[in-house]
Structure formats: C-alpha cells, structure tokens
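All remarks here apply to the structure that follows.
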Amino acid sequence: MSTLPSWLIYCRPGFERDCVEETQAKPIETEDNSGYVVLQGKPNLAYRQLAFARQLLRLHTEVRELPERDRLSPLLAAIPATPEKFGALYLEVPDTNEGKTLSGFTRRFQPLLEDPLRKSSRLVDDPALPRLHVFFPDSQRALIATSDPLNSSAALNGIQRVSMAGDAPSRSYLKLAEAFEVFLDRKEQASWLKPGMTAVDLGAAPGGWTWQLVQRGLKVVAVDNGPLKGAAAGHPSIRHLRQDGFRFRPQRPVDWLVCDMVEQPQRVAALMTEWFVNGLTQRAVFNLKLPMKKRVAALHEALNGIRTAINAKGLRYRLEAKQLYHDREEVTVFLARKR
Ligand SMILES: C[S@@+](CC[C@H](N)C(=O)[O-])C[C@H]1O[C@@H](n2cnc3c(N)ncnc32)[C@H](O)[C@@H]1O
C-alpha cells in the first residue's frame, strides 16, 4: 500500500460521487450505488465536516478471494500490528440489497473473530481506543480499517438506530430522533432537551417532529396549514397554528427551532439564519432538500450563506450537516449558539 492515507467512507447508496466531491480526495474505488467509497491522499478528513459520510475509516489493507471454508485465518493475518489494541470490533456491510444478504454471515462470524482477538488481548472493551472494522463489500472480499472514536460514528455501519414510538403521527419522528443522536452527545441531550423547554416546528404536520419534542418534555408551537394527526392532535403541550412558516415569528425566543418545510434550500437557510442572528432561537435542526444535480455545490452555498451572515454578527456557533440514515434527497443541519 502507498504511504498516502487511504480512507474508507460509507454513504447512502447513490451518493458516492457527492461523497468524493466533498472530500476532494483522490477516488480509488467509487462504484455508483455501492454505498461506500475508497479514497486516498488527504492527510486529514473531519467526520463532522462531511455531510455525505456516514462513517469515516482509515483503510489499512484488503483481503481478496476469501476462502469460504476458512475466512478467519486470512483475516486474522491481515489485521494491522498497530494500533496495538482495539476498543471494539465491527463487522460491516454496505447499505445495499447485497449487503443485507451478508449481515447474517457477519453476525455469525463476529464471535469467531472476536474470540482470538480477545484472547490475545488485542480487543478490549474501551470506547476511547480505536475501533477495528472489517467491511465486506461482498462475501469474498474484506477491507480492514480502523476508526478514531473522536472522528467517526460510533454506530455499526455508521447507521444510528433509533426506535419508533407506537403513537407517533408519522415516521418522520425517527428522523429528528436520529438527528438528536447524531449531533448531540449524552450531556448535550440532557442539558439542551429538558422538560419545560420550548420549541417551534415549522412545517409540522402531521406531527412526527413535534411528537419527538413532546416526548422529551418540550412545549411546541407547531406551524402548518395541514392537520396534526393521531396523538399530536389536541395534545396539551402542542399549540397548532395554521400559518405560513416563513412569516411566523414567536413573541418570545425559544430554545429550539425545527423546520421540515419542503422548499428551496437557500430559502430555508435564510429563514433559519434570520431566526438565529435575531436571537429568536438558541438552536435549530432543519432539512435542506437537495437538487438532483450539483448537490454538494447547493449544500455548500446554503451553508456558506449561513456562515457569512452569522460571522457578520460576530456570534459564536456550531454548524454541522449530515445526510442521516432517514434522509433521502436531503441533508439535516444542526445550528447552535456557542458561549
Ligand atoms: C415533510 S412534511 C413535514 C413532516 C413533519 N416534519 C412530521 O414530522 O410529520 C412538510 C410539511 O411542510 C408544510 N409546509 C410547506 N410549506 C409550508 C409553509 N410555507 N408554511 C407552513 N407549512 C408549510 C406542509 O404542509 C407539510 O405538512
């Protein structure tokens, strides 16, 4: 292998080119709809700054033509000597139909590979240590990689699993749940999503995002001309206003602004920025629907517009964008004040 670092990145199938464009690294393996890319040549990549990367891994080596009878020996032989110890072992597959057919195998194989690594003390349970990833693009090939816990996703396959509330009015409930898991650590969730806090949800109907906030004890103003459904309709913690989300402004600042209106990304970004710079909200989670072409350029334009306007006010802030597992042709953005 060359001395330039190689990267293995997982992404939503169909977004491989966006992934490459965003990193500006040299593409080594980028097959459309494969759900992953191999890149080379950038000494440093930052997971949190890559919207299309579900997972960011240092690729060490690859094993081809894995024999069906004994996959264990060649894989053990290929595990790099450094780092000396790993904090976890992840056996992973692409998020494709072929990948799904391999997940039964990885579950069965996990203890077989774990056992010798634990016995030789190379695998210990320590979340601060690099994780070892063995990624199977198909049943005969494995890419062996590691992740830095501070610069990667802690979730298997880079997919943060969240659970559905039985009474949620829509599956969008899962998307905001995932956004909170991906963007906020445990401490931030505990201090920023406290019962009694306030939120505005623009484009709230039928009420999945509003319901996610209500489940966390927040009081929500849900703005949408459409109806809220199920348990969200008439709930005492929700005030439903049939108004235009672009015109609505709260009388008092709120803790959270969330927005899922299907609109031009520039328009949504400008609205979020206005609320933020005027102190109407401390934090925001919003979706930017991406165009079919030039998605990276459209996303960067929207994010740069936000940065420029907030920088001009001299405010300190955090701005991150990720294409979540529950996002299709869109990206979810988190914006927060920093003290
Ligand atoms: C994708 S849906 C939102 C789903 C919602 N987040 C949930 O969890 O159930 C988009 C919503 O935005 C609303 N919408 C679009 N433009 C709007 C506007 N200008 N003002 C208020 N709501 C708007 C639509 O009526 C629609 O209900």
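Within segment 63-77, is even one residue outside any strand (DSSP E or B) and under 22 Å from the mean Cα position of the chain (by Cα)? No, segment 63-77 contains no residue that is outside any strand (DSSP E or B) and under 22 Å from the mean Cα position of the chain (by Cα).
Going through (1) closer than 20 Å to PHE86 by Cβ; (2) at pLDDT below 95 one by one, SER139 falls short only on (1).
Test GLY230 against the criterion of being within 12 Å of the ligand (Cβ to nearest atom) and either surrounded by fewer than 17 Cβ atoms within 10 Å (Cβ to Cβ) or of a type in the set (Lys, Arg) (or both), and give yes or no. Yes; evaluated as a whole, the condition is true for this residue. Kindly indicate whether ILE310 is buried (at least 20 other Cβ atoms within 10 Å of the Cβ) and either within 21 Å of ARG247 (Cβ to Cβ) or modelled with pLDDT of 95 or more (or both). No; evaluated as a whole, the condition is false for this residue.
Condition check ((1) more than 17 Å from THR146 (Cα to Cα); (2) small (Gly, Ala, Ser); (3) in contact with a His (Cβ under 8 Å, 6 or more places away or on another chain)) across all residues:
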| site | (1), (2), (3) |
| --- | --- |
| ASN33 | yes, no, no |
| GLN49 | yes, no, no |
| GLU68 | yes, no, no |
| SER73 | yes, yes, no |
| LEU76 | no, no, no |
| LYS85 | no, no, no |
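Residues in segment 75-114 that are crowded, with 18+ Cβ neighbours inside 10 Å and acidic (Asp, Glu): GLU92, ASP95. Regarding segment 250-259, can at least one residue be identified that is surrounded by 23 or more Cβ atoms within 10 Å (Cβ to Cβ) and in contact with a Gly (Cβ under 7 Å, 6 or more places away or on another chain)? The answer is yes; a qualifying residue exists.
Taking segment 264-275 only, how many residues are open to solvent by less than 60 Å² (accessible area, probe 1.4 Å) and of a type outside the set (Gly, Ala, Ser)? Number satisfying all stated conditions: 6.
For segment 247-260, the count of residues that are touching a strand residue (DSSP E or B) at 6+ places or on another chain (Cβ under 8 Å), within 13 Å of the ligand (Cβ to nearest atom), touching a residue at least 60 places away in the same chain (Cβ under 8 Å) and assigned to a loop (DSSP other than H, G, I, E, B) is at least one. Taking the criterion of being small (Gly, Ala, Ser) and surrounded by fewer than 12 Cβ atoms within 10 Å (Cβ to Cβ), the only residue of segment 233-249 that qualifies is GLY234.
Among the residues of segment 40-62, those identified as under 20 Å from the mean Cα position of the chain (by Cα) and either aliphatic (A, V, I, L, M) or in a loop (DSSP other than H, G, I, E, B) (or both) are ASN44, LEU45, ALA46, LEU50, ALA51, PHE52, ALA53, ARG54, LEU56, LEU57. Elements of the type helices (runs of 4 or more DSSP H) sitting completely within segment 96-200 and holding at least 2 residues that are away from the ligand (no atom under 16 Å from the Cβ) and assigned by TED's automatic domain parsing to the domain that holds GLN251: these cover 172-183, 186-192. Given the criterion in contact (Cβ under 8 Å) with a residue 12 or more places away in the chain, away from the ligand (no atom under 14 Å from the Cβ) and among the β-branched types (Val, Ile, Thr), identify the matching residue among VAL296, VAL223. Step by step, each of VAL296, VAL223 is checked, and only VAL296 is in contact (Cβ under 8 Å) with a residue 12 or more places away in the chain, away from the ligand (no atom under 14 Å from the Cβ) and among the β-branched types (Val, Ile, Thr).
The values are calculated or read from the model by the stated rules, or taken from the named source; none is laboratory data. These numbers come from a predicted model, not from an experiment. Counting neighbours? That spans all protein chains shown, and the Cβs are built from the backbone with ideal geometry, glycine included. Surface areas here come from the heavy atoms of the whole protein model, side chains and all, with no ligands, DNA or RNA. Shrake-Rupley method; radii C 1.70, N 1.55, O 1.52, S 1.80 Å.
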